[in-house]
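To start, the structure itself, in structure tokens.
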Amino acid sequence: MSIHALLLRLDAPLISFGAPMTDHIGCVQRMPALSMLTGLFANALGYTHGDAHRLNALQNRLRIAARTDRSGSPIVDYQIVDLGQPWMDARSNGWTTRGRIMMRAGGNSSGLHIRQRHFLADSVHTVAVTLAQPGDKPTVDDLAASLQMPARPLFIGRKTCLPASPLFLRLTVAEDLLCALVEEPRHARSDSGSLPAWWDEGSDESVASSPARDIATTDERDWQNQVHTGRRLLREGLIDPPIVAGHG
């Protein structure tokens, strides 16, 4: 049975596929996390952090497969900030949404803080998305519409990671998400050779160009308590999408 899928292109000067943090070190992983894509769609749909029930429900329904078209380069941003300075007062400064200040919360709200934030520079990724319980809201079509007219500005991981091009590629029908990735032409600046990809178990792996293996990831989020949670298995392998005409 075929599926109705949404294809995204994640392309930005800096991308952050966040992994669980270790102390002050914000690491990244090679593929977009389920929680990151949940947050991306939720932001486009207009959800807030207080909508924990809707966020958890959306995350539970999301099914994703991803590939790396351009691997880019890992970089580390060493950050020092004094949250005690007047211009860092969360009551009067900070990120705004339509002119409203989004106040900073949490225990680390004052004093000097040192952080390391990891990023991927100049990387490009293609993601195929579908939803379990396809008759429920939001639908795949709703997700596609929200990316094209988002309720708020979108970013890829952290708010500093602004897209270099539209996230929405197209809607498609495919046998499964892995097939959708294999059929979608690679980016014009794609790496040469086979591309690494990640997908859920149960896909038709005959379309892959190498034997796949199991990998474990912790990429879900408990949106009520704002912590990473869970452990799930993915399949990892190589695929050979077609080359864009004129970019061979």
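The values are calculated or read from the model by the stated rules, or taken from the named source; none is laboratory data. What you see is a predicted model, and the numbers here were worked out from it, not measured in a lab. Every residue, glycine among them, receives a Cβ derived from its backbone with ideal geometry; neighbour counts consider all protein chains shown. Calculation scope for accessible area: heavy atoms of the full protein, side chains included, ligands and nucleic acids excluded. Shrake-Rupley method; radii C 1.70, N 1.55, O 1.52, S 1.80 Å.
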3J(HN,Hα) from dihedral phi, the stretch 231-243, Karplus parametrisation 6.51/-1.76/1.60, rounded to Hz, x for glycine, proline | 8, 9, 9, 10, 9, 10, x, 10, 10, 10, x, x, 8
Phi-derived 3J(HN,Hα) across the stretch 139-149 with the Karplus relation (6.51, -1.76, 1.60, θ = phi - 60°), rounded Hz, x for Gly and Pro, is 9, 4, 5, 5, 4, 4, 5, 5, 5, 7, 9
Residues with amide H under 5 Å of A12's amide H, sequence separation 5 or more or different chain, H placed in the peptide plane at 1.01 Å from N; which?
-> S123, A164
Using a/c under 1.5 as the rounded threshold, could you call the stretch 158-248 rounded, prolate or oblate? The axes a ≥ b ≥ c are square roots of the C-alpha gyration tensor eigenvalues, and prolate needs a/b larger than b/c, oblate otherwise.
-> oblate
Note, ³J(HN,Hα) from phi for the stretch 121-134, Karplus 6.51, -1.76, 1.60, rounded to Hz, x at Gly and Pro = 9, 6, 10, 9, 9, 10, 10, 10, 10, 9, 10, 5, 6, x
Heavy-atom accessible area of the stretch 135-248 with neighbours in place, 1.4 angstrom probe: carbon+sulfur share in percent works out to 53 percent
If Lys and Arg each add +1 and Asp and Glu each add -1, what is the summed charge of the other residues whose beta carbon sits under 9 Å from the beta carbon of H228?
-> -2
All other residues with a Cβ under 12 Å from the Cβ of D77 taken together, and with Lys, Arg as +1 and Asp, Glu as -1, what is their net charge?
-> +3
Going by a ≥ b ≥ c, the root eigenvalues of the Cα gyration tensor, does the stretch 117-212 fall in the rounded group (a/c under 1.5), the prolate group (a/b larger than b/c) or the oblate group?
-> oblate
Full-stretch length increase - T229, D200 - with 0.36 nm per residue and alpha-carbon distance subtracted = 8.6 nm
